[in-house]
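Asks: Input: one structure, supplied below.
Coordinate-derived values only; no laboratory data. As the structure is a computational prediction, the values presented were derived from the model and not from experiment. Cβ placement follows ideal geometry from the backbone for every residue including glycine, while neighbour counts extend to all protein chains displayed.
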Amino acid sequence: MELIVIRHGETQANAEGRYQGALDIGLNQDGARHICWLADEIATTLAPFDRLLASPLLRTRESAAIFSRQLGLPVELAPDFRERHVGLFEGLTQAEARTRYPELRARNITRRWAEAPPGGETIDEVIARISQGLTELASTMKGERILLVAHGVVAKVIRALTTAGFDDFFAWQLPNGGMLVVNIDSFISPLRFKRPVGQS
């Protein structure tokens, strides 16, 4: 099964370099314009899709609605592929997080596998959630081509579980409106993945 992952278009929080996480923020004008262009390109150059899925957050729903109009497919919400919740860091820039929570920032808390800012999800929890979503897709949508509109961390996890492993997990980033193509007939169980040396 081929899965095409699109990261939602730019929001104002993206433009300002803020942690978004579970905040329900819509697209800005540049983000909507880019997704309109991308949807037109995909509709005219790629083979047809069987399903159109989206994270339930506003920025992904708005992006998916644009694809829906171009591709003639209804949007199906897929909660397992929502963005990572980063707790009390949400809405802050890195500089603001460093000023307000210096101890957490000094520990690089958002890049620890089993820890998170208070109120947020750990990376391990996000991997387990997304793995569950991939398992369901692989078992129920065999042979289909799926377009999934999701988020940056979601794309990181899907790429790591299906093709790349976790060695460059923190370095690799899918830009707003970027596209990742994977095959999910088989993927790495999160119980078997190997963290990079030195990560905790």
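Asks: Once you place label points 7 Å from the Cα toward the Cβ at residue 138 and residue 171, how far apart are they in nm?
Replies: 2.6
Asks: Still on this model: When the dipole is taken about the Cα centre of the chain, and only Lys, Arg (+1) and Asp, Glu (-1) are charged at their Cβ, what size is it in debye, to the nearest 20?
Replies: 440
Asks: Please find, in a Gaussian network model of the chain (springs between Cα atoms separated by less than 10 Å), the residue of 22, 47, 114 whose mean-square fluctuation is greatest.
Replies: Looking only at 22, 47, 114, the biggest GNM fluctuation is shown by 47.
Asks: Over the chain, calculate the relative contact order: mean separation of alpha carbon pairs under 8 Å at least 6 apart, over the residue count, as a percent.
Replies: 32
Asks: Output the relative contact order of segment 1-97, whole-number percent, from Cα pairs under 8 angstrom with separation of 6+ residues.
Replies: Reported as a whole number, the value is 36 percent.
Asks: Please turn the phi angles of segment 109-117 into ³J(HN,Hα) values with the Karplus equation 6.51 cos²θ - 1.76 cosθ + 1.60 (θ = phi - 60°), one per residue in order, whole Hz, x for glycine and proline.
Replies: 4, 6, 10, 9, 5, 10, 10, 7, x
Asks: Among 106, 65, 13, whose mean-square fluctuation peaks in a Gaussian network model of the chain (Cα, cutoff 10 Å)?
Replies: Comparing 106, 65, 13 in the GNM, the peak value goes to 106.
Asks: Could you identify which residue out of 131, 63, 139 has the top mean-square fluctuation in a GNM of the chain using Cα springs shorter than 10 Å?
Replies: Evaluated over the chain, the most mobile residue of the options is 139.
Asks: With only alpha-carbon atoms counted, please give the Rg and Dmax of segment 38-180, in Å.
Replies: When restricted to the Cα atoms of segment 38-180, Rg and Dmax are 16.6, 50 Å.
Asks: Of 137, 166, 53, which is farthest towards the positive pole of the chain's charge dipole, taken about the Cα centre with +1 and -1 on the beta-carbons of Lys, Arg and Asp, Glu respectively?
Replies: 166
Asks: Report, in degrees rounded to the nearest 10, the 0 to 90 angle that the Cα long axis of helix 58-71 makes with the longest principal axis of the chain.
Replies: Compared with the principal axis, the helix lies near 20 degrees.
Asks: Any chance you could run the full-extension gain for residue 76 through residue 4? It's 0.36 nm times the residue separation minus the Cα-Cα distance, nm to one decimal.
Replies: Full-extension gain reported as 24.4 nm.
Asks: Evaluate the relative contact order of segment 81-172 (contact order divided by residue number), counting alpha-carbon pairs under 8 angstrom at least 6 apart; express in whole percent.
Replies: 32
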